[in-house]
Each structure stands twice: as C-alpha cells, then as structure tokens.
Amino acid sequence: MTHTPPRGDNGRQLPSEGKPPIASRLLTIVEAAEALRISRSSVYRLFDAGQLAWVQIGASRRVTSTEIDRFIRRIPRRRRDSNVVASLCIS
C-alpha cells in the first residue's frame, strides 16, 4: 500500500503538517495589523482607501499573506510618489 500525501483544494501537495502554504494563508484583521505593525483601525482605513485587498468569509474579512507582502513591497514607491501612508496616520 502506498501513502498519498495530503492535497489542497487546488490539487497541490500540502506540506507534511497539512497546513496550506504560507502564501495562501488568510489572516484575521488582528494578524494583518500585527504583520504591518499598524492598528486594526488603520487596516480598515487601508481597506476603505482600496490600498489593501480583502476577502469576505461569512461575516469576517480576511487578508491573504500574499496581499500583505504586495502592500509592503509597494510602500517605498508610495512614499516617493505621494504621502498616502502618512495620511492614514493623520486621519
């Protein structure tokens, strides 16, 4: 008898502990805020400004870890182009 490794919904093999790859993990608002080192309120302001994408699961919003990474990569360019990030702290 052979052992078949666990597979995710997309058919990809999951890591041995059965957790999805980190790039596809969904973070709570608190986890997203911790990852960005900002407040929960600032996360919601980023949602409202269309600067951070989110998904609805039931009554909850979630942010992918990939979206967090994308947002972080874009911060230096935003600071040069406009003061968007700083304006979130002021409002």
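General remarks:
- The residue list Ile38, Ile68 contains one member that is modelled with pLDDT of 55 or more, surrounded by 10 or more Cβ atoms within 10 Å (Cβ to Cβ), part of a helix (DSSP H, G or I) and not small (Gly, Ala, Ser), which is Ile68.
- Among residues of region 52-65, those that are of a type outside the set (A, V, I, L, M) and either exposed (fewer than 13 other Cβ atoms within 10 Å of the Cβ) or in a loop (DSSP other than H, G, I, E, B) (or both), counted: 4
The values are calculated or read from the model by the stated rules, or taken from the named source; none is laboratory data. Note that the structure is a prediction, hence the values are computed from the model and not measured. Don't worry about glycine lacking a Cβ; one is built from the backbone with ideal geometry, like all the others, and counts go over all protein chains shown.
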